Every structure is written in structure tokens, then in C-alpha cells.
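Rule-based calculations on the coordinates, nothing more; no lab input. Note that the structure is predicted; figures quoted are calculated from it, not measured. Every residue, glycine among them, receives a Cβ derived from its backbone with ideal geometry; neighbour counts consider all protein chains shown.
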Amino acid sequence: MGKRVIKAMGTGVTIVSVFFLIRKLCSFHLKPEQILETGRLGYLMLLSLLFAVHMVIVGVPWKCITEYISGIKIPYPLVAFVVCKANLYKYLPGNVFQYVGRNEIAVRQNISHGKVALSTFGDILMNLVSVALLSILLCRGGIRDIWLYYNLQQRLWVLCFGGGILILLAVIAGIIGIQIRRKKGYRRKLWFGKKVVREIIPRGMFCMAYYFFLGIYTGIMFYFIVSVVLGENILVSQVPLLMGGYLFGWAAGFVIPGAPGGIGVREAVTVVILSASFDQKIILEAILLYRFVNVLGDIGGFLMADIIYTFSAKTQ
């Protein structure tokens, strides 16, 4: 199948995704006063711009993993364009299209589709593990309250089982990645090989640190909505819990099957976690406004990435 056909199909899917995206915006049922107030509207537009920037830079870990597995250098403007374009596919029914869409990079760079798919799988695991760890670290001050509030000691085995599965999947992904990129010098045992210490671990640490940064970035935006946009008085000691609760809800909405983008799941989990310390009504409204910001940011991110990629292609 030619590149032109693939490109045309991708454009068609993008147009359909925009239709579902607009429908999703309409489904929020936001009241005019929630958005159109002059000060609030300005803040929401600023946050949408910041989220668009987040979308443009979110592909760095995926680029790092893909380049390592494939052995091919990929220009970041192309990575940002493919990631932001594929990101619009999440508004299609189902939770997988945004990652299937990333395989466009395989066609453009002549990389094996299997290697790109493996890179995407590793990126997803790294993202989830990093966000989960960060949310736990941020929530550590309120974990006891949450634990007692919801009587979670009776469900400890579920939490342990879920964490074990994530760790196991991460290990399997690492083993498969090394097998695919097998060369001379990779024949040593996995856990004692010099390549693991020199290449795998540094890349893994970089990706985790980068996702920590992105998690804090988006967590601060959520705090800004609650504190500044909605005018809720948040104590300094409550800020980490607020950010951690949002991030944990994001992770849950990401992995639990449901409507596009985990809609409904994220809200429920975030409210469950934060209800022990915050007004439930405020949290619900903040999540709704952040959803609005996310949608505008997804559109803005795609437009920014498209401009950057087009400009970089012309200058080469």
C-alpha cells in the first residue's frame, strides 16, 4: 500500500475524529456562565494553550524508545505531528485508535510496524507506571485518610495484583525489546549484560523522569483550575493530594475500558479519591472544565505540530 494511500486514509480518519471531538465538546453541557465570564474564559484559553504545548512535547519518550528499538533516528517534528494527529483518534469509539495511528511513523520512516507497535506498548507502560508512582508519592500525605475513608484494607489484594501485573508487563516489554534489537554483545544474560546497564536503564530512567515532569505539569494545571478558575481555597499541604488524585484518576481512566478516552471513569475515580478531603461539587466542575481544556488543547496541539512539521520539512 503506497504512502499516498496511507496518508489519504489518515486524513480521512482525522476528519472523522474531529467530528467526534466536536460532538464530545457539545456533550459536556457546560453552562455559558461556566466559560464566558471574562476572567474565567481568559484562564481557560491560557490553559488550553499550555495543554497544546504539552501535547507537542509528549512524544519525547516514545521517540527515545522507537529510535532504540529500530536503530533509526527520527526527526522530532515528525514525531510530534504523528503523535498529535493520532491523539485525535481517541475521540473515535474505542480506546486504541490513538495508538494504532502512531504506526504512520512506520510508513514514513520505513520502520517495521512490529517495532513501532512494541515501542508504543513500552511507551504506554512507562507512562502508566510513572504516573502511578508519581500519584502515590503526591498522595502519600492523604493515603491514610483515603484508606480509612473507603475501608481499602479489605481490597488490598486487588491493589497488589494490579501493581504486580504492571511490573510484569514492563519486564516482558523490556525483554522483547532486547530480543528484537539483538546484535553482537546482546547474547549475555539479560540482567547482567553491559548493554542493559549502559542503554536500557538510562533510557528507562530518562523516560520515567520525563513522564514525572509531564505529570507535575498537568497536575499543576488541574490545581490552577480548582484554585484560580473556581476560586477554591486550597491549603499548601493539600496541593500534592489534589494533583495526585487527579493523576491517579487519569491513569484509571486510561486503562479501564469504556467510552472514548476513559470518559466517566476518570471523573469517578478522581472524585472517589478526593472526596475525603475536598468538596465533591468543586472537584466535578474542575474535572469538567479540565476536559474542556483538554479538548481545545488536543486541537491546538495538532495545529501547532502540523505547523512545526511543515516548516521543518520546507527548511530541509
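For segment 210-316, the C-alpha radius of gyration divided by 2.2 N^0.38 Å, with N the number of residues, is 1.23.
Structure note, pairs LYS63/LYS115; LYS63/LYS85; LYS115/LYS314: Cα-Cα distances above 23 angstrom occur for LYS115/LYS314.
Taking θ as phi - 60° and the Karplus parameters 6.51, -1.76 and 1.60, the scalar couplings of segment 103-117 work out to 5, 4, 5, 5, 5, 5, 10, 6, 10, 4, 4, x, 5, 5, 4 Hz in sequence order, x denoting glycine and proline.
The fewest-to-most ranking of LEU247, LEU137 by surrounding Cβ atoms within 10 Å reads LEU137, LEU247. Applying 1/(1 + (r/R0)^6) with R0 = 30 Å to the Cβ-Cβ distance of VAL228 and SER312, what FRET efficiency is obtained, to the nearest 0.05? It comes out at approximately 0.30. Here the simple spin-label model places points 7 Å from the Cα toward Cβ, and for LEU137 and LEU168 these points are separated by 2.7 nm.
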